[in-house]
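Data block below; observations after.
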Amino acid sequence: MRVRTTLSLLVLFSGVGSSCPQATVDPPHPDATDHLIFNSVLALLERWPNTLYRNGHTIVPATIPPGTLLYHGSPYPALPTNREWLAFDFEHAYLFTFATDAPGAAYVTTYATSRALRVAYFDGSSAAKLDDGPMDTQDILLWGEGRPDMYRKDIERLAELCKWAREYGVDGFVRMEYHFEFMLCDFTDGLDVVSTRRLLPRDPYPLPPNGRGRPRTDTSSDAAQHAFTASSAAAREETPQEPRPIPRPEGWKGSLPSASMTYFEAIVAAARHNRAPGETRVRPDYAGLITFYDRAFESLVEVRRGVPRLRHRVANISSADASRAHAEIAQVFRRAPGGGSGVNWGSVARGVVDTYAERLDLLRFLVDPTRSMYRNVTERAGVVRAQLLTMLTAYISLEDVPSLDRDTDAGDRVWAAPIVARCAESQTAHFLLDTMTPQERRIRDAVQGTQTEICRRLGTMWLDAFDIQVWTDEDKISKALGRWRREVGELMAWLGWPEWVRCEPACGVGSMCYVATWPFWLGDDPTDLSPRCISRSDPFGMNEGSLAVVD
Ligand SMILES: *[C@@H]1O[C@H](CO)[C@@H](O)[C@H](O)[C@H]1NC(C)=O
Ligand SMILES: *[C@@H]1O[C@H](CO)[C@@H](O)[C@H](O)[C@H]1NC(C)=O
């Protein structure tokens, strides 16, 4: 027998119409995580949201399909034979071709996957060498506890991860810093070499400088063979601005690619994966999505209370909950891929965001009294009402009006309840639970919880808006507009969609919208993630001592 998902609401409202029982939807519990799980599902493999919310809470099995091009940069011609890092874009790999002990040599090898590679993806900025949370999910997977001593020891970490991978038939790991990276455990299995080219050496200078308003490079990373090898070696030089000759190709005239532009082009390549559909060369298997926002991990509930999402720490998990997580991780990664319902949960979440992100933004604009494009509150209220009606039209039946004898002051809210109920279950009621993995049911619940809260807030506003055009008391209308402002503001804050974090006004052609990512802090405060327009011609503010930021 197939079990259909039904909201308890629907049972309550089964007698739609005058016999409707007195029930409305409750606001989400203060500890609710539906919106957080929803956000994670929505944003997998998108750079922008995973930069804003860098302490990832998700581990998900994923596939890199056959025929996917990957890049490896090195100052040495020898190819890796064991475990190493790969880049998804050439620009990212090219960055790693410089070393002080091999100046003038730059090799980039292009590989193609020869079969589907099975990987584990850690969301958030899981490759950022920061000790305040981005690596927590890896720590829990490996050691069952946070390991602040390990956050810079990426070589050791990769060795440990690959030990784990062998046990589960996993080929490697996908993480993100300012770009996505792929850590492959065995270069001899699953890759074909497409080409190895000795390319133009990149100039080691001018290096992006450290300091305020400037990107910073990690000068003390002990991840010797990885990522910032080249940059850290160069950054240790006392006078990075001092041009030093590097061997140039014979007959070459003019500049070589400069260090700062090479860095910046890697950032630019990364930014191409900012928003949906994100880094599409990795396909997440939603049916195996493990999230530490599951409230079953009770030890994390209290430590999150009142703490902004940027500072949520998976490392606060109790050992009992970590054991539970381990059991779930083992269960998921032992399962054959491709199980579950086949529902594309990313697309389901995206559908909700596509439907409401822009409209809520518009609603916020319309109720904002500082945007005075209306002659009076009556006119403004009418426009807001029209927008609310647009957002609810799909759910309003002919019966959904207050009864004529209603006593408005008695707070009769029940007449709008069926509208809210239909809206709340619109995205999820059709799903068949019995085909879903436990992980999918959790996502289903998160989508439903998120959609429900959107509908509850819209319904609350509609209670006022329904007959506001016949109100004559301007003061009363103003108060309703104030309530709507609060409703929209609280809803958008709760949802926390990355769509609403952007450069305003939008950056011009000569610049790029950017938020700080490790190791490029464009400012002194690592928690300052306000988006800024960065000059494309002088991204690091190295010309004439100007700042990189062009506001
Ligand atoms: C959470 O973990 C962090 C890092 O381990 C620690 O600094 C903090 O005190 C913990 N918070 C609680 C409430 O245990
Ligand atoms: C508000 O503006 C509308 C025009 O948009 C006008 O018809 C109406 O009379 C005005 N109401 C008041 C109270 O001034």
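The table below lists the values:
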{"read-out": "Hey, ASP131 assigned by TED's automatic domain parsing to the domain that holds LEU256, among the acidic types (Asp, Glu), crowded, with 17+ Cβ neighbours inside 10 Å and closer than 25 Å to THR517 by Cα or not", "value": "no"}
{"read-out": "Residues of segment 111-150 that turn out to be within 13 Å of ligand 1 (Cβ to nearest atom) and closer than 25 Å to ASP89 by Cα, as a count", "value": "3"}
{"read-out": "Qualifying residue in segment 416-428 (condition: modelled with pLDDT of 95 or more, charged (D, E, K, R) and part of a loop (DSSP other than H, G, I, E, B))", "value": "yes"}
{"read-out": "Single residue of ALA227, ALA276, ALA235 found to be within 31 Å of the chain's Cα centre (by Cα) and modelled with pLDDT of 80 or more", "value": "ALA276"}
{"read-out": "Qualifying residue in segment 372-390 (condition: away from ligand 2 (no atom under 16 Å from the Cβ) and in contact (Cβ under 8 Å) with a residue 40 or more places away in the chain)", "value": "yes"}
{"read-out": "Selection from segment 472-490 of residues that are within 16 Å of ligand 2 (Cβ to nearest atom) and without any contact (Cβ under 8 Å) to a residue 60 or more places away in the chain", "value": "THR472, ASP473, ASP475, LYS476, LYS479"}
{"read-out": "Residue ranges of strands (runs of 3 or more DSSP E) in segment 22-135 with at least 1 members within 30 Å of ILE454 (Cα to Cα)", "value": "58-64, 117-122"}
{"read-out": "Residues of segment 278-300 classified as surrounded by fewer than 20 Cβ atoms within 10 Å (Cβ to Cβ) and free of Cβ contacts under 8 Å to residues at least 40 places away in the same chain, total", "value": "3"}
{"read-out": "For LEU366: the one exception among (1) within 16 Å of ligand 1 (Cβ to nearest atom); (2) closer than 30 Å to ARG485 by Cα", "value": "(1)"}
{"read-out": "Residue in segment 151-165 that is at pLDDT 95 or above, within 16 Å of ligand 1 (Cβ to nearest atom) and not hydroxyl-bearing (Ser, Thr, Tyr) present", "value": "no"}
{"read-out": "Filter result for the condition that a residue is among the small types (Gly, Ala, Ser), under 12 Å from MET183 (Cα atoms) and in contact (Cβ under 8 Å) with a residue 40 or more places away in the chain, over ALA128, ALA120, ALA106", "value": "ALA120"}
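The values are calculated or read from the model by the stated rules, or taken from the named source; none is laboratory data. Model, not experiment: these values are computed from the prediction. Using ideal geometry, Cβ is built from the backbone for each residue, glycine included, and neighbour counts are taken over all protein chains shown.
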